[in-house]
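Below is one structure; the comments refer to it alone.
The values are calculated or read from the model by the stated rules, or taken from the named source; none is laboratory data. All figures in this text were calculated on a predicted structure; none of them were measured in a lab. Please note: Cβ atoms are built from the backbone with ideal geometry, for glycine as well, and neighbour counts cover all protein chains shown. These area figures cover heavy atoms from the full protein model, side chains too; ligands, DNA and RNA do not enter into them. Shrake-Rupley method; radii C 1.70, N 1.55, O 1.52, S 1.80 Å.
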Amino acid sequence: MITLKDIEQLGEEIKEIQQEISNETETIEHCVKPLMVLLNYRKPTEIKYQYPCFTLRGQSEKVDIALMHNGNPIVLVECKQIKKILTTDDILQMKRYFDNQPRVKLAILTNGIEYMFFMDLENINLMDSKPFNTFNIFIPKTGLGLVLSLYNNDEFSFERIRKLAEKDVILKKVIKVIKDDMVNPSIDYIKRTIQ
């Protein structure tokens, strides 16, 4: 099982070498691949690099990493260069890959430091435009090891990940409503608060 200490140690190792990493391939090799190893994806049958997702204008579009189960991709991972800030264009690229792989239910977009986790919570087989979870390898939060353990090759459970994602999305919506009511309280909110 991956622990918070494992993640902190990986974050420290990446901090030490991040200035030396100059391209996407090095980001994959020195930042993303070590996390995949911590999650127990080691064999060629479990992790595929440059996995073809679909063909566009006669050219195969490939995602950087596909995590495999029983010969099928279960998670797609798109990596960007470590110094690149992840943008809407990067999310749209990840969405193209995800939407063209109906068996895939999870996607991860990363620059080796920031990780964004996506699912199809809103529409089946269509990746959501917003991640259900994010983390920064340099600032791991308590509980991250437990969450990442759900992705462990030996214990992978799409159902548990989906339940966690659904709860997280609902919690974010509730928090937003509460914050909105505190900033611009509605008449109903004021009445409830006074009573």
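Amide H contacts of Leu121: Asp128, each under 5 Å away and 5 or more positions distant or on a separate chain (H built 1.01 Å from N in the peptide plane; Pro and chain starts excluded). For the Cα atoms of the chain, what angle does the longest principal axis make with the long axis of helix 4-17, in degrees from 0 to 90, nearest 10? The answer is roughly 60 degrees. Taking Cα centre as origin and charging only the Cβ of basic (Lys, Arg, +1) and acidic (Asp, Glu, -1) residues, the dipole magnitude of segment 1-157 rounds to 340 debye. What is the sum of charges around Val147, taking Lys and Arg as +1, Asp and Glu as -1, for the other residues whose C-beta is under 11 Å from the C-beta of Val147? Once all neighbours under 11 Å are counted, the net charge is +1. Antiparallel beta bridges, as assigned by DSSP with both residues in the chain, represent about 80 percent of the total such bridges. Split the accessible area of segment 38-136 by element, probe 1.4 Å, and carbon with sulfur accounts for 51%. Normalised by the number of residues in the chain, the mean separation of alpha-carbon contacts (under 8 Å, six or more apart) gives a relative contact order of 20 percent.
For Ile47, nonlocal amide neighbours, meaning residues 5 or more places apart or on other chains whose placed amide H falls under 5 Å from its own, are Met68. Remark: the Leu92-Asn125 segment gains 10.4 nm on full extension, using 0.36 nm per residue and subtracting the alpha carbon distance. Farthest toward the positive end of the dipole of the chain, out of Pro185, Pro102, Asn72, is the Cα of Pro185, where the dipole comes from beta carbon charges about the Cα centre.
Karplus-based coupling profile of segment 109-116, in residue order and whole Hz: 10, 8, 10, x, 10, 8, 10, 10, with θ = phi - 60° in 6.51 cos²θ - 1.76 cosθ + 1.60 and x standing for Gly or Pro.
Considering every alpha-carbon pair of segment 60-156, the percent of pairs per 5 Å bin, from zero through the bin containing the longest distance, is 3, 13, 24, 25, 21, 12, 3, 0, 0.
Local charge for Lys84 was computed over the other residues whose Cβ lies under 12 Å away, with Lys and Arg +1 and Asp and Glu -1, and equals -3. Computed over protein heavy atoms with a 1.4 Å probe, the accessible surface of the chain works out to 59 Å² per residue.
Between the Cα long axis of helix 88-99 and the first principal axis of the chain there is an angle of about 70°, rounded to the nearest 10. Close amide H pairs (under 5 Å, H built 1.01 Å from N) link Ile113 with no residue at least 5 positions away or on another chain.
The simple spin-label model puts a point 7 Å past each Cα toward its Cβ; for Glu20 and Lys62 those points are separated by 2.6 nm.
Here the simple spin-label model places points 7 Å from the Cα toward Cβ, and for Arg103 and Ser157 these points are separated by 2.3 nm. Dividing the summed -39500 (n - 2.57) terms of all DSSP H runs of n ≥ 4 by the residue count of the chain sets its mean residue ellipticity at 222 nm at -12000 deg cm²/dmol. Normalised by 2.2 N^0.38 Å, where N counts its residues, the alpha-carbon radius of gyration of segment 1-91 equals 1.18.
Once the Cα atoms are used to define both axes, helix 158-183 deviates from the longest principal axis of the chain by about 40 degrees.
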